[in-house]
Structure formats: structure tokens, C-alpha cells
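Visitor: Sharing a structure with you now.
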Amino acid sequence: MSEPFSSGGTADDRKKTQQMESYRNDGKGQKLTTNFGLKLSDTNDSLKAGVRGPTLLEDFHFREKITHFDHERIPERVVHARGSGAHGYFELYEPMAEYTKAKFLQNPGTKTPVFVRFSTVAGSRGSADTVRDARGFATKFYTEEGNFDIVGNNIPVFFIQDAIKFPDLIHAIKPEPNNEVPQASTAHDTFWDFVVSTPETAHMVMWLMSDRAIPRSFRMMEGFGVNTFRFVNAQGKARFVKFHWKPLLGVHSLLWDEAQKISGKDPDFHRRDLWEAIEQGNYPEYEFGVQMIEEEHEFDFDFDILDPTKLWPEELVPVKIIGKMTLNRNVDNFFAETEQVAFCPANIVPGIDFSNDPLLQGRLFSYEDTQLTRLGGPNFHEIPINRPIVPVHNNQRDGMHRMTVNHGPVSYFPNTLAQNAPTPVPEAEGGFTHYAEKIDARTVRGRSDSFRDFYTQAALFWNSMSEVEKKHIVDAFHFEVGHVKDKSIRQRVVKMFANVSHELAARIAEGIGVDAPAFTEEPSPAAVSPALSQENTIKSARTKKVAVLIETGFCAKSVAQMREALSTAGATAELVSSRLGMIPAKDGSEQEAAKDFTTADAVLYDAVYLPGGSGCAAALSKNPDARNFINEMFLHAKSIAASDEGTDLLTATDASTLPPVKQDGTCQTQLGIVRVKNAADLNGFCTEFVNQLAIGRHWARISSPVRA
Ligand code: HDE
């Protein structure tokens, strides 16, 4: 269970929770009233002139109920409309005073309450979770100095360099305006038309075509502030900084085949995963890292550090890990919290400042502007989820939905009637002052030449991928660009990406019915950044979900032992059968199947276990749903365990295409398939399965070409 509303954590990280307590409304055990507190005797029938007569206008309860309902919807976010939120806290590991005076980054152990919202970008509120898209990763820190927001993505670079192009980009990505097709997808003409006409998109498009754009879970993706910010210390010295979130579970992805199937089987896959993990106490954790560059080194790189289409390779500028965020409480009300939360990159605290990154500069304006419409006026900072945990005093007044009841006649500054209160705070006492950057420039509508290299880092990304990751990128291009009707756009995609890699462009061309690129030398030196490949990520069995297929006559002892081993490793097991309810085991005991083959599907699990029991194995092998379940696990390169008669079941599936293994009572592992027959005990077998589960995918199992 997630933490109860007013307990858990420390006084520091509970502050936001306690503040919100006063707004909570729990109807349990309460009487029904109107919005104005009048107790009601009936809400089933409207007031009529005779039971078969017309409804009367004087029925204020009817009018109130219907009117409120009629106005329940607010505009969805113009981008990032579909999201899921959670509460938690951030804890600092080490003092950062040398770099920033931000109070929440001074004392190790300081806990700051946070609210995080994950999102997709292009789809509308009701779209599926597992579409190919960047994911938003927005964090609101409720600090003692006011709210600080990192409004980031799970991809470290952006499509465009200047915010003025954002409306064009989004119009091109969103469904086409004549027929509102396609939903939540970049696989259409207008998006690729924009891409081939805008070469600065090359780097982010590489990420978008990669596995990063189909995460396994919000808990298993990185977050990046993307834009370059500044840290400023108490002496006024500034450094450039980029923000990072690194998940403790590592960075993992779905396969495209899985992602598409999950969109149908469980469109809420990521939302459900986040919610359930928190309810189960598997709190998502991310370490917070910063990359810093001294001002005097601003021009030391072969890219411009203010260009948001460039990352700072971690091998050149290491990520310094300075703290950890833990998400430990689900929202009480989706609308009140996740929907009404308003993030803004302009929300900073003393010790943090902006850079001249032209994308960031535009973002500073856009968020509050859009929220004025979305949240209905200038007082959305008073909505509980948006309120800082520190007092708010200024002379802003009135407006739609004002909650604060300001006292007294004075609402201007300077004043003598209230002794100039609310009083500005000097910098030395914590008042914010902007970093005094020296700028000597002419007004110009233009772009720096240092922003003109669009391909070197796109090539760095491509070169850093494993063969499997490269295959997935090529497949994604085939799927996405294959949906483009205009052949000239498809041809231009090949031409454009030949600037990234001739090999990539040639492979793209093969699948989309256009000419191969003219041969050129590989465009850039084959630099590599190992940090970019997911092959090098943390691998763990923790929180992975294993399906255990059972039918009447299954071996209860081995199922119990496997469940125990998985639970010790932090993984979970779910029993799946041909029907819901109690399933009798070989020894006469019973276990409850939580899912059947209608409500479960292989794509919703990380691995499968096939226990012994001859009746069980025979029934499963005759069941096409069960065979399909195992085949999907095989196809998607996931771990499979089988013990005793469960191993016979494999012969009825695609796993039978593998060379035979010895069956001498020892545990045999073959490309992620762990089998044992007639062993004295299953300890070694269970341990080996947990190891294979931690590895995740067993790519070598999938013969070329990788279908998934
Ligand atoms: Fe956003 N973005 N964006 N964005 N963005 C919005 O603000 C915008 C950009 C990001 O969970 C909007 O309240 C401009 C980069 C996230 O509520 C809007 C530009 C990054 C979220 C807006 C960018 C982001 C938004 C829509 C310059 C990664 C969801 C609703 C080109 C660093 C926050 C809203 C949430 C939301 C504008 C680019 C991340 C329209 C002008 C780069 C995670 O104001």
C-alpha cells in the first residue's frame, strides 16, 4: 500500500502532503448536500409536474447537478496531454554549496517533497501509453524557497533549436487537421515532411526511432532537463549545468511488436505499472545527476553547449550524482492533481538560473501562457497541487477563481499605509536576483553559426548502438516512413539520413520503396559514447513480472518455490490459467489464478514459468492460447523457465526449433530458456531463472533478421 496521507517520511518531505490535507474531501459516511450545503432527500428523480409530466425549472438540485457535469472538462494540454503523476521526495547526497546556493542542495539528508508527471507528447488524453514518442518527465520540487520545476523529457535533445518553430513542429506531429489521423503517432506525411525540411531534427529523430521511444516503464527511463541552465553559488560564480534523472532499475524498453499489441491489450500499461508499483511498495527511484561546465570552458567543445539539439557526452562531461528521488504515494484524485498540475521551466530558486539556450528562452514564456487558458485564469497557482509550501504575498489581486482572501486596503507598492509590505527581500537574505550576464549584442533575427552542425551527434548516437539497437532503429524507420504516402518525402528521408550514416540510409531505403542513397564516404568519424546504448544499463530482476501458467494437476511445490525465489529477488509472479478462480494442484491443494488467457497476454509480462505436473503440461500443450503465450515470450526474447513436465510443453512451441538439451537432472540454460527435469531440488534452477530474468532479453535467440 502507498503511504497513508499523513504518515510516513519525515517532516520535510511530508510538508506538501500535510498542506494538501486541508483540501481533502472524503464523502465516506457523509450526508448528500448541494454545493451550498443544503441536505438533499432525493437525487434519483427530477422535480416534475406530475410523475409523467415535464421537469420544472425550479428544480435547483437538477440544475446544479447537470450544470456542474456540463462543465467538468477543461482543455487538455496542447502537448503532453496524456500523463500520470505521483508524489514523492528528493533527498540530497552531498553538499552542493561550491556550485549553487539553492537551499535544498546544501545539506545532505535534506528531503524536499516532489510531484512528478510522466507523459507522452503527441497523443490526446485518452490515447495509448505505449506509442512511439518521447516521454515527458516533469518534476516539481516544493522547496523552502518556492517551487523549482525541471520540465524534462526522457530524450536528452530536442527536435528544434529555437522555440519559435515549436508551433510548426507540433502542427506537423499532431494528427493531420483535415481528418485527425493518426492519433499519437509520427507515422504520417506531415511529420516527415517537416523532418526532411528541417535538418536540425536529425539527432532527436534518431532517438525517436530508437528503443528509447518505447520504454518498458516510466520507472525504467532516464529523465533529462534538455536545456542548459546555470548554477550560481553564494559568491555569484556561475557554471553551466544540465540536469539528469537516472533510474535505479536501469533503462529498458519494449519491442515495437509488444508496444503495438499492448496498445490494444492494455492502453493504460504505463499508468497501471506506475500505480501498481507504488501500491506494492516498489517505489520508483531515480538518482539526480548534474553535468557542469565552467563558464571559461564554454567554447571548448565541437558543439555549442547552448544548442538543445546537442547532448554533452557523458564521457566528456561526467554526470555527478548528487541525490535521489523516490516516488512513494499515488495521487488521491487524478483531476485535482495530475490534470491540474502546472509545470513551468521558469519556476526556479536562488542558485539556479537560465542560459541563453534559445529553446529554453521561449519555453520560459509558453508554459504559464498556455496554463492561463487550460486552468481558467491567472490564479492557478492557488490550486492545491501547485501551491508552494512557503507563504505567498504580493499585490496581485482578483481574477477568475481567486481563493485567497487578502486583508486590508493596500494592494500596491510602494506604500506607506502598510509600511511597504509585502517587502522586497535583499539578495543576501534570500531574495532572487537574476544572474548578471554581460551581453553586448545587436538586435537580430537569426541563429548562431555554431548551431549549424546537425549530423555529428546523430552519427554519434547511431555509432554507439549495438547491432540489435541498430536493427530496431532501421525497423522503426521502415514502419514510420513506410506510412508516408508521398514518395518524394520518403526519398528525402534517405537523403537526409545519409548525412548521419550511409549504412543507415541504405538500410532505410531497402524497406520504403525508394532509391538507395548515392554512395558517399561515411560522413563522420565513428565516435562512440557507451552511455548512449541501453546494452550498458543496469540489469536487475527487481519488480519484473513473471507469468506462471497453471492448469489442473500442476506441481504446487515447484510453483511455491519459484514464487519464493522471485519474491526474494524483488520480482512478482502472477498465476495464469485457462479460467479464473481456484485451480487444483497435483497434491490436492489449490491456487487461485489471477488471470486467464483472455485477461492476460504474454506482452504484459517479462518472463514465463512452466511448472511440472503431467495433467497441467498436457492441458497447456493442447491449448492454443497457452502455446501462443509461450511463442510470444520466445519471439520477444524473454526468459522462459520450465521444470519437469513443463519442459515437455516447450516441444509444442517455437522453442522446439532450438537444438535439444541434455535432460540429466541438471539445470540447463539455453539462450534465456532455463530447464530442469527430475532434479532433486529446484534451488539452483530458480536461482538461474532469476539471473536470466535480470538479463532481460536474450537477443541471440532471435535468428536474423530480428523480427521483433
Ligand atoms: Fe514543453 N510544453 N515546450 N517541452 N513540455 C508544454 O505546457 C513548449 C519542450 C515538456 O506534465 C506545454 O502546461 C515550448 C522541451 C513537458 O504538465 C507548453 C517548447 C521539453 C511538458 C509547452 C517546448 C519539454 C511540456 C503544454 C519550445 C523537454 C508536460 C502544456 C520548443 C525539456 C508538463 C503545458 C506536464 C508541456 C511548450 C519544448 C517538456 C505548450 C514552447 C525541450 C514534460 O507550454
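Visitor: Across the stretch 326-360, which residue is farthest from the ligand (Cβ to nearest atom) among those that are part of a helix (DSSP H, G or I) and in contact with an Asp or Glu (Cβ under 9 Å, 6 or more places away or on another chain)? Step through it out loud before you land on a result.
Guide: At the first step, the residues of the stretch 326-360 found to be part of a helix (DSSP H, G or I) are 335-339, 358-360.
Filter once more, keeping what is in contact with an Asp or Glu (Cβ under 9 Å, 6 or more places away or on another chain): 335, 339, 358-359.
Working: Phe335: 13, Glu339: 9, Pro358: 9, Leu359: 5 Å.
The selected residue is Phe335.
Visitor: Looking only at residues in the stretch 71-118 that are of a type in the set (Ser, Thr, Tyr) and away from the ligand (no atom under 12 Å from the Cβ), which one is modelled with the lowest pLDDT? Break it down into steps so the answer makes sense when it comes.
Guide: We begin by selecting, within the stretch 71-118, every residue of a type in the set (Ser, Thr, Tyr); these are 84, 89, 93, 99-100, 110, 112.
Then drop every residue that is not away from the ligand (no atom under 12 Å from the Cβ), which leaves 89, 93, 99-100, 110, 112.
Details: Tyr89: 98, Tyr93: 98, Tyr99: 98, Thr100: 98, Thr110: 95, Thr112: 98.
If we take residues in the stretch 71-118 being of a type in the set (Ser, Thr, Tyr) and away from the ligand (no atom under 12 Å from the Cβ), then Thr110 is modelled with the lowest pLDDT.
Visitor: Considering only the stretch 152-191, state which residues are among the small types (Gly, Ala, Ser) and within 12 Å of the ligand (Cβ to nearest atom). Give the steps one after another, and end with the answer.
Guide: Looking only at the stretch 152-191, we keep the residues that are among the small types (Gly, Ala, Ser), and these are 152, 163, 172, 184-185, 187.
Of everything in the stretch 152-191, those that are among the small types (Gly, Ala, Ser) and within 12 Å of the ligand (Cβ to nearest atom) turn out to be Gly152, Ala163.
Visitor: Counting just the residues of the stretch 361-396 that are aliphatic (A, V, I, L, M) and more than 16 Å from the ligand (Cβ to nearest atom), which one comes out farthest from Pro424 (Cα to Cα)? It would help to see each step written out before you state the result.
Guide: Within the stretch 361-396, the first condition is being aliphatic (A, V, I, L, M), and the residues that meet it are 364, 372, 375, 383, 385, 389-390, 392.
Filter once more, keeping what is more than 16 Å from the ligand (Cβ to nearest atom): 389-390, 392.
Values: Ile389: 19, Val390: 16, Val392: 13 Å.
Of everything passing the filter in the stretch 361-396, Ile389 is farthest from Pro424 (Cα to Cα).
Visitor: Limited to the stretch 569-582, what total is found for residues that are surrounded by fewer than 23 Cβ atoms within 10 Å (Cβ to Cβ), over 25 Å from the mean Cα position of the chain (by Cα) and assigned to a strand (DSSP E or B)?
Guide: The qualifying residues number 3.
Visitor: For the stretch 291-299, state whether one or more residues are over 20 Å from the mean Cα position of the chain (by Cα) and of a type in the set (S, T, N, Q). So that I can check it myself, show each step before the final result.
Guide: Here is the first cut: in the stretch 291-299, the residues over 20 Å from the mean Cα position of the chain (by Cα) are 291-299.
Subsequent filtering for residues that are of a type in the set (S, T, N, Q) retains 291.
Among the residues of the stretch 291-299, at least one is over 20 Å from the mean Cα position of the chain (by Cα) and of a type in the set (S, T, N, Q), which makes the answer yes.
Visitor: Now, a different point. Determine which single condition Lys595 fails, assuming it passes every other condition in (1) farther than 18 Å from Lys265 by Cβ; (2) open to solvent by 40 Å² or more (accessible area, probe 1.4 Å); (3) among the charged types (D, E, K, R).
Guide: In the conditions (1) farther than 18 Å from Lys265 by Cβ; (2) open to solvent by 40 Å² or more (accessible area, probe 1.4 Å); (3) among the charged types (D, E, K, R), Lys595 misses (1) alone.
Visitor: Within the bounds of the stretch 132-140, is there any residue that is part of a loop (DSSP other than H, G, I, E, B), aromatic (Phe, Trp, Tyr) and in contact (Cβ under 8 Å) with a residue 60 or more places away in the chain? Talk me through it step by step, then tell me what you get.
Guide: First, the residues of the stretch 132-140 that are part of a loop (DSSP other than H, G, I, E, B): 132-134.
Applying the additional criterion that residues be aromatic (Phe, Trp, Tyr) yields none.
No, the stretch 132-140 contains no residue that is part of a loop (DSSP other than H, G, I, E, B), aromatic (Phe, Trp, Tyr) and in contact (Cβ under 8 Å) with a residue 60 or more places away in the chain.
Visitor: Within the stretch 571-586, which residues are free of Cβ contacts under 8 Å to residues at least 60 places away in the same chain and of a type in the set (A, V, I, L, M)?
Guide: At the first step, the residues of the stretch 571-586 found to be free of Cβ contacts under 8 Å to residues at least 60 places away in the same chain are 573-586.
If the condition is that a residue be free of Cβ contacts under 8 Å to residues at least 60 places away in the same chain and of a type in the set (A, V, I, L, M), then Ala573, Leu575, Val576, Leu580, Met582, Ile583, Ala585 are the ones that fit.
Visitor: Show the residue pairs that are 6+ apart or on different chains and have beta-carbon atoms under 9 Å apart, the first residue being within the stretch 328-344 and closer than 14 Å to Thr139 by Cβ and basic (Lys, Arg), the second being within 11 Å of the ligand (Cβ to nearest atom) and open to solvent by less than 10 Å² (accessible area, probe 1.4 Å).
Guide: none
Visitor: Moving to a separate point now. Which ones in the stretch 365-392 are without any contact (Cβ under 8 Å) to a residue 24 or more places away in the chain and open to solvent by less than 40 Å² (accessible area, probe 1.4 Å)?
Guide: Answer for the stretch 365-392, where residues must be without any contact (Cβ under 8 Å) to a residue 24 or more places away in the chain and open to solvent by less than 40 Å² (accessible area, probe 1.4 Å): just Glu382.
Visitor: Give me a count of the residues in the stretch 130-146 that are more than 14 Å from the ligand (Cβ to nearest atom) and either open to solvent by 30 Å² or more (accessible area, probe 1.4 Å) or not hydrophobic (A, V, I, L, M, F, W, C) (or both). Full working, then the answer.
Guide: Taking the stretch 130-146 and keeping what is more than 14 Å from the ligand (Cβ to nearest atom), we get 130-132, 141-146.
Still in the list and also either open to solvent by 30 Å² or more (accessible area, probe 1.4 Å) or not hydrophobic (A, V, I, L, M, F, W, C) (or both): 130, 132, 142-146.
Count: 7.
Visitor: While we're here: Based on what the data block shows, is Phe335 open to solvent by less than 40 Å² (accessible area, probe 1.4 Å), of a type in the set (Phe, Trp, Tyr) and modelled with pLDDT of 95 or more?
Guide: No: the conditions fail for Phe335.
Visitor: Go over the candidates Asn386, Asn406 one by one and state the one that is in contact with a helix residue (DSSP H, G or I) (Cβ under 8 Å, 6 or more places away or on another chain) and closer than 29 Å to Lys103 by Cβ.
Guide: Numbers: Asn406 fails: in contact with a helix residue (DSSP H, G or I) (Cβ under 8 Å, 6 or more places away or on another chain).
Going through Asn386, Asn406 in turn, just one is in contact with a helix residue (DSSP H, G or I) (Cβ under 8 Å, 6 or more places away or on another chain) and closer than 29 Å to Lys103 by Cβ: Asn386.
Visitor: Quick one: is Ser127 touching a strand residue (DSSP E or B) at 6+ places or on another chain (Cβ under 8 Å), farther than 30 Å from Lys103 by Cβ, more than 9 Å from the ligand (Cβ to nearest atom) and assigned to a loop (DSSP other than H, G, I, E, B)? Give the derivation first.
Guide: Values: touching a strand residue (DSSP E or B) at 6+ places or on another chain (Cβ under 8 Å): yes; farther than 30 Å from Lys103 by Cβ: yes; more than 9 Å from the ligand (Cβ to nearest atom): yes; assigned to a loop (DSSP other than H, G, I, E, B): yes.
Against the criterion (touching a strand residue (DSSP E or B) at 6+ places or on another chain (Cβ under 8 Å), farther than 30 Å from Lys103 by Cβ, more than 9 Å from the ligand (Cβ to nearest atom) and assigned to a loop (DSSP other than H, G, I, E, B)), Ser127 qualifies.
Visitor: Is it the case that some residue within the stretch 29-51 is more than 25 Å from the chain's Cα centre (by Cα), closer than 30 Å to Gln280 by Cα and modelled with pLDDT of 95 or more?
Guide: Going through the stretch 29-51, the residues more than 25 Å from the chain's Cα centre (by Cα) turn out to be 29-51.
This time we only want the ones that are closer than 30 Å to Gln280 by Cα, so: 29-30.
Going one step further and asking which of them are modelled with pLDDT of 95 or more, we end up with 29-30.
Within the stretch 29-51, one or more residues are more than 25 Å from the chain's Cα centre (by Cα), closer than 30 Å to Gln280 by Cα and modelled with pLDDT of 95 or more.
Visitor: Next question, about the same structure. Checking Thr653 against (1) open to solvent by 40 Å² or more (accessible area, probe 1.4 Å); (2) among the β-branched types (Val, Ile, Thr); (3) more than 23 Å from Gly570 (Cα to Cα); (4) under 35 Å from the mean Cα position of the chain (by Cα), which single condition isn't satisfied?
Guide: Condition (1) is where Thr653 drops out.
Visitor: Right, another one. From (1) more than 24 Å from Ser210 (Cα to Cα); (2) in contact with an Asp or Glu (Cβ under 9 Å, 6 or more places away or on another chain); (3) part of a helix (DSSP H, G or I); (4) aliphatic (A, V, I, L, M), pick out the condition that doesn't hold for Ile293.
Guide: Exception for Ile293: condition (3).
Visitor: Right, another one. Do any strands (runs of 3 or more DSSP E) entirely within the stretch 584-691 hold 3 or more residues that are of a type in the set (S, T, N, Q), and if so, which? Lay out the reasoning, then the answer.
Guide: Values: elements: 590-593, 607-610, 639-643, 668-670, 673-676.
Counting at least 3 such residues, we get 668-670.
Visitor: How about the stretch 506-533: which of its residues are under 19 Å from Glu467 (Cβ atoms) and surrounded by fewer than 21 Cβ atoms within 10 Å (Cβ to Cβ)?
Guide: Hits for the stretch 506-533 are Ala506, Arg507, Glu510, Gly511, Glu522, Ala526, Ala527, Val528, Ser529, Pro530, Ala531, Ser533.
Visitor: Residue under question is Phe269, and the condition is that it be within 16 Å of the ligand (Cβ to nearest atom) and of a type in the set (Phe, Trp, Tyr); does it hold? Write out each step before concluding.
Guide: On the way: within 16 Å of the ligand (Cβ to nearest atom): no; of a type in the set (Phe, Trp, Tyr): yes.
When the stated conditions are applied, Phe269 does not pass them.
Visitor: Please pick out the residue among Phe240, Phe194, Phe229 that is under 20 Å from Lys485 (Cβ atoms), in contact with a Ser or Thr (Cβ under 9 Å, 6 or more places away or on another chain) and within 16 Å of the ligand (Cβ to nearest atom).
Guide: Values: Phe240 fails: under 20 Å from Lys485 (Cβ atoms); Phe229 fails: under 20 Å from Lys485 (Cβ atoms).
Just one listed residue meets the conditions, Phe194.
Visitor: Could you check, for the stretch 536-556, whether at least one of its residues is polar (S, T, N, Q), in a helix (DSSP H, G or I) and surrounded by 21 or more Cβ atoms within 10 Å (Cβ to Cβ)?
Guide: Within the stretch 536-556, the subset polar (S, T, N, Q) is 536-537, 540, 543, 552.
Subset that is in a helix (DSSP H, G or I): 536.
From what is left, the residues that are surrounded by 21 or more Cβ atoms within 10 Å (Cβ to Cβ) are none.
No, there is no match, as no residue in the stretch 536-556 is polar (S, T, N, Q), in a helix (DSSP H, G or I) and surrounded by 21 or more Cβ atoms within 10 Å (Cβ to Cβ).
Visitor: Just checking, which of Val251, Val226, Val241 is in a strand (DSSP E or B) and among the aliphatic types (A, V, I, L, M)?
Guide: Values: Val251 fails: in a strand (DSSP E or B); Val226 fails: in a strand (DSSP E or B).
Residue meeting the stated conditions: Val241.
Visitor: If you scan the stretch 26-69, which residues turn out to be part of a loop (DSSP other than H, G, I, E, B), within 22 Å of Asp332 (Cβ to Cβ) and open to solvent by less than 70 Å² (accessible area, probe 1.4 Å)?
Guide: Taking the stretch 26-69 first, the residues part of a loop (DSSP other than H, G, I, E, B) are 26-32, 34-38, 40-47, 49-54, 56-59.
If we keep only those that are within 22 Å of Asp332 (Cβ to Cβ) as well, we get 26-32, 35.
Gly27, the sole residue that qualifies.
Visitor: Show the residue pairs meeting these rules: Cβ distance below 8 Å; 6+ apart or different chains; first residue within the stretch 673-701 and within 21 Å of Asp211 (Cα to Cα); second residue open to solvent by 40 Å² or more (accessible area, probe 1.4 Å) and of a type outside the set (Val, Ile, Thr).
Guide: Listed by first residue and then by second, the contacts come to Ala694/Lys539; Ile695/Lys539; Gly696/Lys539; His698/Leu671; Ala700/Leu671; Arg701/Leu671.
The values are calculated or read from the model by the stated rules, or taken from the named source; none is laboratory data. The shown structure was predicted, so the numbers you read here are calculated from the model rather than taken from an experiment. Quick reminder, even Gly has a Cβ in these numbers, built from the backbone with ideal geometry, and neighbours come from all protein chains shown. What goes into the accessible areas is simple: the full protein's heavy atoms, side chains included, and nothing from ligands, DNA or RNA. Shrake-Rupley method; radii C 1.70, N 1.55, O 1.52, S 1.80 Å.
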